[in-house]
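The values are calculated or read from the model by the stated rules, or taken from the named source; none is laboratory data. Because the structure is a prediction, the values reported are computed rather than measured. Cβ placement follows ideal geometry from the backbone for every residue including glycine, while neighbour counts extend to all protein chains displayed.
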2 protein chains.
Amino acid sequence: MVAHSSQGHDGSMIMEVWAPDASSVELVLDGVAHPMERKDLGKWAVEVPAEPGMRYGYRLDGGDPLPDPRSNCQPDGVHELSELIDHRSFDWADQAWAPPAFEGWIIYELHIGTFTQEGTFDSAIEKLDHLVHLGITAVELMPVNSFPGKRGWGYDGTSLFAPQHSYGGPEGLKRFVDACHSRGLATILDVVYNHLGPSGNYLPRFGPYFTNAYSTPWGDAINLDGPGSDEVRAFIVGNALHWFVNYHFDALRIDAVHALLDRSPKHLLEEISESVQILSERLGRPLHLIAESDLGDPRVITPIDKGGWGMDAQWNDDFHHALHAVLTGERDGYYLDFGNIEQLAQALKAAWVYQGAYSRFRGRSHGRPHEGASGSRFLAYSQTHDQVGNRAQGERLSMLVDENAARVAAALVLMSPFIPMLFMGEEWGARTPWLYFTDHDDPELGKAVSEGRRHEFAAFGWDPAEVPDPQDPATFERSKLDWAELQNAFHAQMHDLYKKLIALRRSHPDLTDGSLEKVTVEYDEEQRWLVMYRGSLAIACNLSATSTSFPLTGELLLATEPEFTQQGGGTLTLGPESAAILHLSQ
Amino acid sequence: MVAHSSQGHDGSMIMEVWAPDASSVELVLDGVAHPMERKDLGKWAVEVPAEPGMRYGYRLDGGDPLPDPRSNCQPDGVHELSELIDHRSFDWADQAWAPPAFEGWIIYELHIGTFTQEGTFDSAIEKLDHLVHLGITAVELMPVNSFPGKRGWGYDGTSLFAPQHSYGGPEGLKRFVDACHSRGLATILDVVYNHLGPSGNYLPRFGPYFTNAYSTPWGDAINLDGPGSDEVRAFIVGNALHWFVNYHFDALRIDAVHALLDRSPKHLLEEISESVQILSERLGRPLHLIAESDLGDPRVITPIDKGGWGMDAQWNDDFHHALHAVLTGERDGYYLDFGNIEQLAQALKAAWVYQGAYSRFRGRSHGRPHEGASGSRFLAYSQTHDQVGNRAQGERLSMLVDENAARVAAALVLMSPFIPMLFMGEEWGARTPWLYFTDHDDPELGKAVSEGRRHEFAAFGWDPAEVPDPQDPATFERSKLDWAELQNAFHAQMHDLYKKLIALRRSHPDLTDGSLEKVTVEYDEEQRWLVMYRGSLAIACNLSATSTSFPLTGELLLATEPEFTQQGGGTLTLGPESAAILHLSQ
């Protein structure tokens, strides 16, 4: 890790910044300008008396002072001066912390701004016991690094090292992680290394952080292999380590790794894995990396010593899409490639549906077999921030299908050979939407985002008036969870089912065994039933709108619709859209 | 391999073309239009009576007929109609052909247009005995697929399956390969899959062969992973197989693989390797693949079953640059990163100088250790078409340094643990330049190329008047080898040295043993001498301008300057810029 600042002599600090193209750089600290000295490879440094709490910035070639690219604190937002902080001052209570074994993780994805009414780290802490009672073992935070304004998903962040101040800043985030650990909850942070937000990104002023050699959905790509890329890579690797060291996270979820365009012989992800492995040994606790990957490439989750990038796991959209398309009947966009129960069976047995087959949505073949990877290298989910929030009206699965079907989805996710993940509110079938919301302080950009959203969905036949405006504060407010729903009988019942499913998963070793070769699936495409066998357990699903019977017998452990679940004569009868979990008598 | 045409019934042919965006496609054959039928995935087909010799093209949406993307013959140039040919009509004499073992290859790179006065395949055949007498075992042709006009290096070719007609077309190329095989010479073809030339490229009219997701030095990249890329990849893989099947080549040299931008889980090169391996088994003879790679990535030459792309070998510019910079003292461009004898020693021992170290030329770290790869996975050369022709005045090494230094280079290349390669004329220290020449038929493009060349070298301080005009026919004529030089004593002496060095390499198994761990090198940076030990042989070089002595004793097998080479008292004395090969008495 390249330190951006370090202890100097007698309470002074050595402040360092990379600005290879600048002719002069000054540190402006507490209102006083200090000329910096040029070092090797475009770095500038100066030793100054400094104290936590002081505001500072870097002045390039006599311009306005800019926030530090590696700022750890942006109390006044991404456009303003940075604040010096001392990470050693926090009083951690998690010295004895060790996360549960990765194979046993049950992940809960949440967005700090909308998880609670207050939208802060501290208010989120108050809900942690709810997660513990639910049986969750790992909490995943959507990105918390600073973004412009006060409302946002976090993927348009710009100050990569500084927790968003409106959430509670560095101290709030530390309190949150510490509170999780004190309850036995592992913590995962979503980090975005493939682009920076369109506003508040001062990095290009400092150096060649971006390249036009590749294009991404967000414009120029991060410069991972061109001139100057050593420092850009060090910046990113340093960021990954930062969250483990200074904030005690247990894992990172790395956003859209397919947009990390890197022709280096050592891909950035491999470099991150390698550095995190070394740090893990130094810290004496396991640290994990989870990728969001659309590459269909087993290399992502292959260990480094076998030529891979060494991620512990990756999100598995194939499973989601196969399940979603079967349950909803939707065939728009990427759902075009899904819809058969056979594909759902394939996803349950092999994680990936596309392992080299032609994808109509992509207009090309996609994927490659992963050959023997454990199921615990894949995350399974029926809902995520993306799958909900990227819909025009932010509908959760439980708002698209009836409650029975949502229960079947829960059973399949939580009984799957993968690492299950829930999206906040899913566990009670929340009726609040989760919409796309922004708070761009640049009015032109804000307008462009509002219009872009309407435009995007007009292409899918939406009336613009029905597409909520991302910039409208009401869109954000509507996306907040309504915890009062839990008082309602319907929601309480759904919550109870999730609790039971999770309890079953946690108590039955067959369910956390990721050996995919042990998973078998039987199904009938016409009759729309499917049975997944996992050791001594069978998970039977009726995906049709009518009752159906098929040969299966065993001790009934759990049913999503107990009153319509019957056994007799070696046959199991399931009500419409329902699932049952049986213990097989061998 | 996807056939572009195949035998139909009763002497008819099934003609097929990929044109996914066209609304109608007609085959225009022998002046008659035949509507084609749309098949799956954007392919069109029609069965017609057809005979070799007929001209044809494809008319998209009623436009002018265009040459077939997979045309095997363009008798009137790249812009005109294609000609149907029957590959079965050639009478091959090489049924019993088996190439020499790859480890023993000594490659000779030549350009058909300038190798002889006539510039044809047939006239090149007349010089093959010269190569056999020299000791060459493999002939590498610079690209011969069709390019616009009559003069060109071949890297701006556009009709990828059709040998250039001015060289002698398909029949001429077959005669050439057959003549090589009859003399025991293996054949290598240089193929360019990273771009097509700026004129005569009709592929984008047919389908998404290109993508702007990546940029290359030549503009948009070939579409290897976007929508429609299955067909683009099949086109390229089919081209690779085409040269092995229809022209009996023994190897392909794949140009600039670093510009093949491909995020697929199976990189195009791996797909080519896999297909060529299958073909090799079917044909019952070894087929080889050699990459030009600037990636510094061992994956290129790592076998497929170890996670690599399975190339047999790659060009090793690090060795060239280390040698060139030491001999010439040049430090411009990429030579900035070289110049020490230590680097030359490193190149001799490990092939790559940059295995992760910071490269000032690139402004970033470069390379990764290849861990145990054999020396025979790397080509070594002191001259290539690029290293000579990309200089403003096309000077060969023997025109930049005095003849003694050129002889030392020859000794190091031919005694190296790598596959040695010579550039045509090098073996007699030719004094003819090898310049950049073109013959663009589009006058605007021609002018742009002429001006671009002057501009490029003006940046290096060249007077534009001193930079030969690529479009001027005289530039091409001046680049032709002058075989009469061989009558001259100086040239004959150089030629004799090359013959002796090659004979020594071919007779001494220690020299073709690619085990890099057995190579040791001693050197003195100040005194500028270097000794490479290869089994029982020592190759001693004095790279200084004065005589030098160092401890070494053995039987003198060969010296570049016999009269200045002396032994006595356990010490070897070498004259200025000279080399000696000794057999060590153990």
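For the range B:240-251, indicate whether the set of residues that are modelled with pLDDT of 95 or more and within 14 Å of chain A (Cβ to nearest Cβ) is non-empty. Checking the range B:240-251: not a single residue is modelled with pLDDT of 95 or more and within 14 Å of chain A (Cβ to nearest Cβ). On inspection, A:TYR155 passes the criterion of being over 15 Å from A:TYR247 (Cα atoms), part of a loop (DSSP other than H, G, I, E, B) and among the hydroxyl-bearing types (Ser, Thr, Tyr). Determine, yes or no, whether B:ALA259 is within 13 Å of another protein chain (Cβ to nearest Cβ) and surrounded by 20 or more Cβ atoms within 10 Å (Cβ to Cβ). Answer is yes for this residue.
Does A:LEU289 count as part of a strand (DSSP E or B) and in contact with a helix residue (DSSP H, G or I) (Cβ under 8 Å, 6 or more places away or on another chain)? Spell out the reasoning first.
Values: part of a strand (DSSP E or B): yes; in contact with a helix residue (DSSP H, G or I) (Cβ under 8 Å, 6 or more places away or on another chain): yes.
Considered against the rule, which asks whether it is part of a strand (DSSP E or B) and in contact with a helix residue (DSSP H, G or I) (Cβ under 8 Å, 6 or more places away or on another chain), A:LEU289 comes out as yes.
Taken as a whole, the range B:236-252 holds no residue that is within 24 Å of A:GLY367 (Cα to Cα) and either free of Cβ contacts under 8 Å to residues at least 24 places away in the same chain or acidic (Asp, Glu) (or both). The residue of the range A:356-384 that is nearest to A:GLU292 (Cα to Cα), among those that are away from every other protein chain (no Cβ under 14 Å), touching a strand residue (DSSP E or B) at 6+ places or on another chain (Cβ under 6 Å) and not aromatic (Phe, Trp, Tyr), is A:LEU379. Looking at A:ARG431, is it of a type in the set (Lys, Arg) and buried (at least 18 other Cβ atoms within 10 Å of the Cβ)? Answer is no for this residue. The set of residues from the range A:560-586 being acidic (Asp, Glu) and in contact with a helix residue (DSSP H, G or I) (Cβ under 7 Å, 6 or more places away or on another chain) comprises A:GLU561, A:GLU577.
When you check B:HIS288 against the structure, is it away from chain A (no Cβ under 14 Å), over 29 Å from A:ARG299 (Cα atoms), in contact (Cβ under 8 Å) with a residue 24 or more places away in the chain and not β-branched (Val, Ile, Thr), yes or no? No: the conditions fail for B:HIS288. Where helices (runs of 4 or more DSSP H) fall wholly inside the range B:403-486, the ranges with 3 or more residues that are modelled with pLDDT under 95 are B:443-458. Inside the range A:453-483, can you point out the residues that are under 26 Å from the mean Cα position of the chain (by Cα) and charged (D, E, K, R)? Matches in the range A:453-483: A:ARG453, A:ARG454, A:GLU456, A:ASP469, A:ASP472, A:GLU477, A:ARG478, A:LYS480, A:ASP482.
Considering A:LEU556, A:LEU537, A:LEU486, the condition of being among the aliphatic types (A, V, I, L, M) and over 32 Å from the mean Cα position of the chain (by Cα) is satisfied by A:LEU556 alone. With respect to the conditions (1) within 14 Å of chain A (Cβ to nearest Cβ); (2) under 28 Å from B:TYR108 (Cα atoms); (3) outside any loop (DSSP other than H, G, I, E, B), B:CYS180 lacks only one, and its number is (1).
Looking across the range B:292-307, just one residue is in a loop (DSSP other than H, G, I, E, B) and of a type in the set (Val, Ile, Thr), and that is B:THR302.
Taken over the range A:62-100, the criterion of being of a type in the set (Ser, Thr, Tyr) and under 25 Å from the mean Cα position of the chain (by Cα) is satisfied by A:SER71 alone.
Apart from one condition, A:ASP386 fits all of (1) in a helix (DSSP H, G or I); (2) more than 16 Å from the chain's Cα centre (by Cα); the exception is (2).
Could we say that A:ASN201 is touching a residue at least 12 places away in the same chain (Cβ under 8 Å), under 30 Å from A:THR116 (Cα atoms) and within 14 Å of another protein chain (Cβ to nearest Cβ) here? Spelling it out, it is not the case that A:ASN201 is touching a residue at least 12 places away in the same chain (Cβ under 8 Å), under 30 Å from A:THR116 (Cα atoms) and within 14 Å of another protein chain (Cβ to nearest Cβ). Scanning the range A:291-323 for residues that are more than 13 Å from every other protein chain (Cβ to nearest Cβ), under 19 Å from A:GLN343 (Cα atoms) and within 19 Å of the chain's Cα centre (by Cα) gives A:TRP315, A:ASN316, A:ASP317, A:ASP318, A:PHE319, A:HIS320, A:HIS321.
Within the range B:1-40, the residues that satisfy the criterion of being in contact with a helix residue (DSSP H, G or I) (Cβ under 7 Å, 6 or more places away or on another chain) and modelled with pLDDT under 95 are B:MET1, B:VAL2. For the range A:513-528, state whether one or more residues are touching a Gly at 6+ places or on another chain (Cβ under 6 Å) and either without any contact (Cβ under 8 Å) to a residue 12 or more places away in the chain or in a helix (DSSP H, G or I) (or both). Scanning the range A:513-528 turns up at least one residue that is touching a Gly at 6+ places or on another chain (Cβ under 6 Å) and either without any contact (Cβ under 8 Å) to a residue 12 or more places away in the chain or in a helix (DSSP H, G or I) (or both).
Filter the range B:340-355 down to residues that are in contact with a strand residue (DSSP E or B) (Cβ under 6 Å, 6 or more places away or on another chain) and in a helix (DSSP H, G or I) and give me whichever is farthest from B:GLU517 (Cα to Cα). The selected residue is B:ILE341.
A quick yes/no check of all residues on (1) modelled with pLDDT of 95 or more; (2) among the aliphatic types (A, V, I, L, M); (3) surrounded by fewer than 21 Cβ atoms within 10 Å (Cβ to Cβ):
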residue: A:ASP68; (1), (2), (3): yes, no, no
residue: A:PRO75; (1), (2), (3): yes, no, yes
residue: A:GLU83; (1), (2), (3): yes, no, no
residue: A:ASP94; (1), (2), (3): yes, no, yes
residue: A:ALA101; (1), (2), (3): yes, yes, yes
residue: A:GLU109; (1), (2), (3): yes, no, no
residue: A:GLN117; (1), (2), (3): yes, no, yes
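Against the definition (away from every other protein chain (no Cβ under 14 Å) and either closer than 29 Å to B:TRP462 by Cα or of a type in the set (D, E, K, R) (or both)), how does B:GLU342 come out, yes or no? Yes, satisfied. Do you know which of the residues in the range A:211-239 that are more than 21 Å from B:ASN223 (Cβ to Cβ) and acidic (Asp, Glu) is farthest from the other protein chains (Cβ to nearest Cβ)? For the range A:211-239, the residue satisfying everything is A:GLU231. Counting only residues that are of a type in the set (Phe, Trp, Tyr) and surrounded by fewer than 20 Cβ atoms within 10 Å (Cβ to Cβ), the range A:485-522 holds 1 of them.
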